[in-house]
Structure formats: C-alpha cells, structure tokens
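Peer 1: Here it is: the structure, laid out below.
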Amino acid sequence: MAWSIREGVNFGAAIRAARPTAAEVAGRAWVYVPYDQLTAAAGPLAGADPATTGVVMVESAARPRERRYHQRKLALVLANERHFALEVAARGFRVLYLAGEAGFGEQLRGAMSRLEIPRLRVMEPAERGLREELRASGIALDVEPNATWLTTPADFAAALPARPYRMDAFYRYVRRRTGVLMAAGKPVGGRFSFDGENRARWPGDPPAPPRWRCPPDAITREVIELVQTRFGHHPGDLTGFDLPTSEADAEALRAHAREHALPHFGPYEDAMSAAHPQLFHSGLSPLVNLGRILPQRLIDDALATLGEGRMSLASAEGFVRQVLGWREFVRHVHRETDGFRADVTNPLGADVPLPATFWGGAPSGLRCLDTVVADVVREGWSHHITRLMVLCNIATLLGVSPRALTDWFWAMYTDAFDWVVEPNVLGMGTFAVGDLMTTKPYVSGAAYLAKMGDACEGCRFDPTGRDAARACPLTPMYWDFLARSADALAGNERMKLPLASARRRTEGQHASDRRVRLRVLDALARGAVIPADVAAPPRAAG
Ligand SMILES: Cc1cc2nc3c(=O)[nH]c(=O)nc-3n(C[C@H](O)[C@H](O)[C@H](O)COP(=O)(O)OP(=O)(O)OC[C@H]3O[C@@H](n4cnc5c(N)ncnc54)[C@H](O)[C@@H]3O)c2cc1C
Ligand code: SF4
C-alpha cells in the first residue's frame, strides 16, 4: 500500500479545506515545518501573518522503510504532525500537506517545482539526518537558527572551547548566561549541582502519580490503522495507544507532570520501580523532542513549582540540569562531532551482537532486564536510570556492540532522534567514544541495582550472592568487565579504585568471572533463560 492521505474523510477532508489555491501559493512566503518542529510559539510561525505566510509539511514512508521504529513512535509523530497541520489551519494558515513514499527533500522538491515555490524558510533541523537530506536535495532553503533550543553553538564554543566535552562546565556557563537559578551572579543555594541529594531509593511513598491517558480521536485512529497496516511488523503494538497527539493533549500532560511528578522528581530521580516504571519522571521527552512543548516551559514549570514551595531546591535544580544542561549539551556534542562520524573508537572493544532478549519475547531470567525490556516493548519508553544502569550497563557488561545497542534504542524509544540517542548511548551509556563526553563508563554489579530498585525482589537470582547456588551473575560480570577493560581504562582517574579492587581478585576468581559471562552469553545466544546456578561455584567432583 503506497503511503498517502485518505481523501474525503477525517484528516483528508479537513486538510483539503486548508489547501492553497494557485493564487494563494503565489502570494505567500512558505515555511517548511519538519516533523520535530511542531510549534507556532517560536521560530518563523511565531507572530507570522497567515495572509502572507503558508505552511508546508511532509509525511514520508522512506525513513520507516529504512529503519525500524516502534509503532508507537510512528503513530505519535504522524498523529502530532496531522493535528499540528489542522491547528495552524485553524489559525488561518494555508497548509500544503504532502505525503508519499519519497524522502522529505524529494517531496519538497517536487512540490516546489509543481507549484512554482522558489524558496522555503525552515528552522535548522535538529536531526543531522534531515539536515543532510535537505542539503542533498538541492532545494532553495533559507535556514534560520532553531528557536526551540535554549542555547546556541556560540554558547557551547564559549563554555567548552576544546575537547573533551564536559556537561558540568557547559551547565555552569549556561546557568550564568541565562540567570536561571542564579542570584547576584551566584548559584541559588550556593552550589550549581545538588546531584548528591537526589539519589534516594523510592520507599513506596509518596505514591507514584497516576498515568495520564489521551484517548485517540478519529484522526489519531486513522493514523493507528495506517501504521498497523503498513508497519505492523515493526516493534511494539498500538493496542491501547494513549499518547498525546494535539496541542491540547500536550498541555494537559505538561500540567499533569507539573502537578504530580515535579514535586517529587529530585529525590527519586535515580530510583527504579518494577511496578511503577515512570515514577516521578515527567514522561515529556517525546513531546519536547517534537517541538510540542518548548524546553523553556519545563524550566518555567520547575521554577514555578519551586516558588510555590512544592519542590525543594535540590529537586528543581536536578530537573533544570536535565533540560538546560544535559538536553542542550548532547545536542551540541552531536552537531559539533558531526554525529560522531570520526569518534566512535570503541576503546573497550565491545563487539558481541545484541542478544534477541532485548527485542522482547525471549526472557533472559534477569528480572531487572526483563522488566525494563517489557516496559520498552509496551510503551516505547523507560526512564533515564533504567536506560543507563539496566539496559546499557548489562549490554556493556556483556560486551555488546555499542552501534548495535544504539540502533536498538533508536528503534525502540518514542523519544529517539539522532541528536539525542547517539550521544546518550554511544557517549554516555557505552563509552564507545571514550572520555569525549563523560569521564568514565557507567557500570555496576547487582549491588547498585538492588539498592536503587526493587526488581531484585522476586528475581530468581540473589543480588547479595549469599545464596551461592543462585548468585546474581551481574556481579561477577562486573568484575570480568573491569579485568578485561583494565588496559583501556588504565589512565582513567575515576576508575582507579574499582580497577584496584578488581586487581585484588585471585586468578581463580578472574577465571570464574569470565566463565560466568561466557555462560550468560551462551544462554542468551540460544534464546534460553539464563540458568539459576550460572554463577554458582563449580561442584567438587566425586
Ligand atoms: C542510554 C540512554 C539513551 C537515551 N536516549 C534518549 C533518547 O533517545 N531521547 C531522549 O529524549 N532522551 C534520551 N535519553 C535521556 C533521558 O533518559 C530521557 O530524556 C528521559 O528519560 C526522558 O524521560 P522524561 O521526559 O520523563 O525525563 P525527565 O526525567 O522528566 O527529565 C526532564 C527532561 O530532561 C531532558 N533530559 C534529561 N536527560 C537528558 C539527556 N541525557 N539527554 C537529553 N535530554 C535529557 C528530557 O527532555 C526530559 O524530558 C537517554 C538516556 C540514556 C542513558
Ligand atoms: S538479582 Fe541480579 S538479575 Fe535479578 S534483578 Fe537483581 S540485579 Fe537483576
């Protein structure tokens, strides 16, 4: 089935009414709004006159033909694009909405030549992939700075004039430059970061916020049907799809996050709960990355919640650091390194194929991993610590290829776009770019997971290792990781202590650690559940 808009019903009927006549085409300047710039609050549409400005949007089946995307991601993006087109039409803009099999650039080129549109205005796309595609298409574009960001390349260059790139230095610079959480040139509370105060385990109280659901309307249902028909073989499924698709939905979810999640964000930022995967995380990243919610709104919300006395300073600072710090930082690093084209050195030599268990349906027996994989397959989302300390940690301990893991994240998450998924997985999650943007690999054994989450309760393995017959394999795998990475990490200050501890292990322990990893890899390669005694000491003969 070729990708197209169904004429005459739902979206097809509504958007037809906004289509420009030949005279209306000629009398307007045309703005191309890519799939991730769905805002009229910033950029060329902010304050634009519908009598002189028109909007061009494109749906393309080319991307999902080349790369697998979670079905919820496809439905989320397409339904938001369609609703946005109708929202700007309702504000009086004429909308040229294209849909087809060809790529974005090719469809734009075709329409420009057919309708004699000489040039298009566009904000610089966040994704390197789209920037390259538009450049290659040769169409005449007037590219403007992307007004949805909070910082500029000049900020990044001023904060970090040379490699390696460090988020904390960038963040301090941006706090000073923007004045956010600053008073008389000093950070409010006397420190730029309160990270150390934001590491509590969640004891079950305060209760986790209820989930916010947006039932699909007729336009979204049509998109769901289209995705199911055309890309139903992609990961995930669309049963019970309840993601926000309109401006009103996005606002409602933002208000919900402000009311219920923000007040408790900080202390439980690193906590994990098998029963409540979202805990106090806002769940807004998919919408922020589509331009539906501007990052400045998130910062305003955190500052307002702090001002109302409903959020501690440590908590508000922690949230601001995610949005003003990490989010902006990773985007600059991606742009500055041209998407790490020359930087993926994979110093840890990780080259194991991604085990099938990551795609769901073949449980590993590691409850922490199986729980998060099930969440991701179902939702297309999980929070930061599960991404970092469960998925990336376990993949790194196994020695999984960072590229394969990155492609998995890209396929599975509704908020994945090249500028954000690549730095987070290649740079932060797997150390594939060495210390270019983080100081050390983020790895741990079972102790960290048992301390910060509740998945170990009810797991077939014992995280403490006291019950040797069912000791958790992640701890010996952690020791094995340190032993096999010792040379690559030798000069790393922050790894000195763990490497020294690993050196104190006996040859026999090293051999046993290595054997555990190989047995785990063997089970996963066969699609089998890891045996409960995989890390048990070998039984004495006789
Ligand atoms: C291995 C790995 C892969 C990741 N892949 C992605 C990805 O594909 N897309 C994505 O948007 N985020 C990614 N992140 C960052 C982070 O995990 C998500 O932004 C966050 O979990 C989104 O959930 P939330 O909206 O509830 O965030 P909250 O915890 O409520 O945080 C608020 C906001 O801060 C921003 N933010 C926080 N951390 C980061 C970060 N490291 N990079 C960019 N933005 C950040 C997000 O916009 C988020 O909405 C990844 C992190 C890791 C460790
Ligand atoms: S015991 Fe080990 S495998 Fe099981 S949930 Fe805990 S850390 Fe994960």
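The values are calculated or read from the model by the stated rules, or taken from the named source; none is laboratory data. For clarity, every value in this text was computed on a predicted model and none was experimentally measured. Here the Cβ positions follow ideal geometry from the backbone for every residue, glycine too, while neighbour counts run over all protein chains shown. Ligands, DNA and RNA are stripped out before the accessible areas are found, and what is left, the full protein with its side chains, is counted by its heavy atoms. Shrake-Rupley method; radii C 1.70, N 1.55, O 1.52, S 1.80 Å.
Peer 1: Yes or no: residue 223 of a type in the set (Val, Ile, Thr), touching a Leu at 6+ places or on another chain (Cβ under 7 Å) and more than 30 Å from residue 157 (Cα to Cα)? Steps first, please.
Peer 2: Values: of a type in the set (Val, Ile, Thr): yes; touching a Leu at 6+ places or on another chain (Cβ under 7 Å): yes; more than 30 Å from residue 157 (Cα to Cα): yes.
So residue 223 fits the description; yes.
Peer 1: Which residues, taken from the stretch 453-476, are outside any loop (DSSP other than H, G, I, E, B), within 10 Å of ligand 2 (Cβ to nearest atom) and in contact (Cβ under 8 Å) with a residue 40 or more places away in the chain?
Peer 2: Step one: filter the stretch 453-476 for residues outside any loop (DSSP other than H, G, I, E, B), giving 462, 468-471, 474-476.
Those still in the list that are within 10 Å of ligand 2 (Cβ to nearest atom) too: 462, 470-471, 474-475.
Passing the criteria: 470, 471, 474, 475.
Peer 1: Still on this structure: Being at pLDDT 95 or above, assigned to a helix (DSSP H, G or I), away from ligand 2 (no atom under 16 Å from the Cβ) and not charged (D, E, K, R), is that true of even one residue in the stretch 386-400? Spell out how you get there, then give the answer.
Peer 2: Filtering the stretch 386-400 for residues at pLDDT 95 or above gives 386-400.
Among the residues that remain, those that are also assigned to a helix (DSSP H, G or I) are: 386-398.
Next, only the ones that are away from ligand 2 (no atom under 16 Å from the Cβ) stay: none.
For the stretch 386-400, residues at pLDDT 95 or above, assigned to a helix (DSSP H, G or I), away from ligand 2 (no atom under 16 Å from the Cβ) and not charged (D, E, K, R): absent.
Peer 1: So which pairs qualify, if the first residue must be in the stretch 1-23 and more than 19 Å from residue 231 (Cβ to Cβ), the second must be open to solvent by 80 Å² or more (accessible area, probe 1.4 Å), the Cβ gap must be under 7 Å, and the two must be at least 6 apart or on different chains?
Peer 2: As it stands, the answer is 12/6, since those pairs meet every condition given.
Peer 1: Still on this model: If you check 351, 338, which single one turns out to be closer than 22 Å to residue 158 by Cβ, more than 16 Å from ligand 2 (Cβ to nearest atom), among the charged types (D, E, K, R) and surrounded by fewer than 22 Cβ atoms within 10 Å (Cβ to Cβ)?
Peer 2: Details: 351 fails: closer than 22 Å to residue 158 by Cβ.
Just a single option satisfies the conditions, and that option is 338.
Peer 1: Same structure again: Please state which one of 374, 362 is aliphatic (A, V, I, L, M), surrounded by fewer than 19 Cβ atoms within 10 Å (Cβ to Cβ), within 16 Å of ligand 2 (Cβ to nearest atom) and more than 19 Å from the chain's Cα centre (by Cα). Working first, answer last.
Peer 2: Numbers: 374 fails: more than 19 Å from the chain's Cα centre (by Cα).
Going through 374, 362 in turn, just one is aliphatic (A, V, I, L, M), surrounded by fewer than 19 Cβ atoms within 10 Å (Cβ to Cβ), within 16 Å of ligand 2 (Cβ to nearest atom) and more than 19 Å from the chain's Cα centre (by Cα): 362.
Peer 1: Then there is this: Are there any pairs, at least 6 apart or on different chains, whose C-beta atoms fall under 6 Å, with the first in the stretch 297-313 and more than 14 Å from residue 260 (Cα to Cα) and the second open to solvent by 40 Å² or more (accessible area, probe 1.4 Å), and if so, which?
Peer 2: 313/189
Peer 1: While we're on this one: Scan the stretch 342-359 residue by residue and report those that are assigned to a loop (DSSP other than H, G, I, E, B) and over 20 Å from the mean Cα position of the chain (by Cα).
Peer 2: Result: 342, 343, 345, 346, 347, 348, 349, 350, 351, 353, 355.
Peer 1: Taking the stretch 351-400 on its own, how many of its residues are among the β-branched types (Val, Ile, Thr), touching a Ser or Thr at 6+ places or on another chain (Cβ under 6 Å) and under 17 Å from residue 481 (Cβ atoms)?
Peer 2: Of all residues in the stretch 351-400, those among the β-branched types (Val, Ile, Thr) come to 352, 357, 371-373, 376-377, 385-386, 390, 394, 396, 400.
Those still in the list that are touching a Ser or Thr at 6+ places or on another chain (Cβ under 6 Å) too: 357, 372, 376, 396.
Adding the requirement that they be under 17 Å from residue 481 (Cβ atoms) leaves 396.
Looking only at that region, the number is 1.
Peer 1: While we're looking at this one, here's another question. Would you confirm whether or not the stretch 434-447 contains a residue that is of a type outside the set (Gly, Ala, Ser) and within 16 Å of ligand 2 (Cβ to nearest atom)? Don't jump to the end; show me each part of the working.
Peer 2: If we filter the stretch 434-447 for residues that are of a type outside the set (Gly, Ala, Ser), which is where we start, we get 435-443.
Then keep just the ones that are within 16 Å of ligand 2 (Cβ to nearest atom); that gives 442-443.
Yes - at least one qualifying residue is present in the stretch 434-447.
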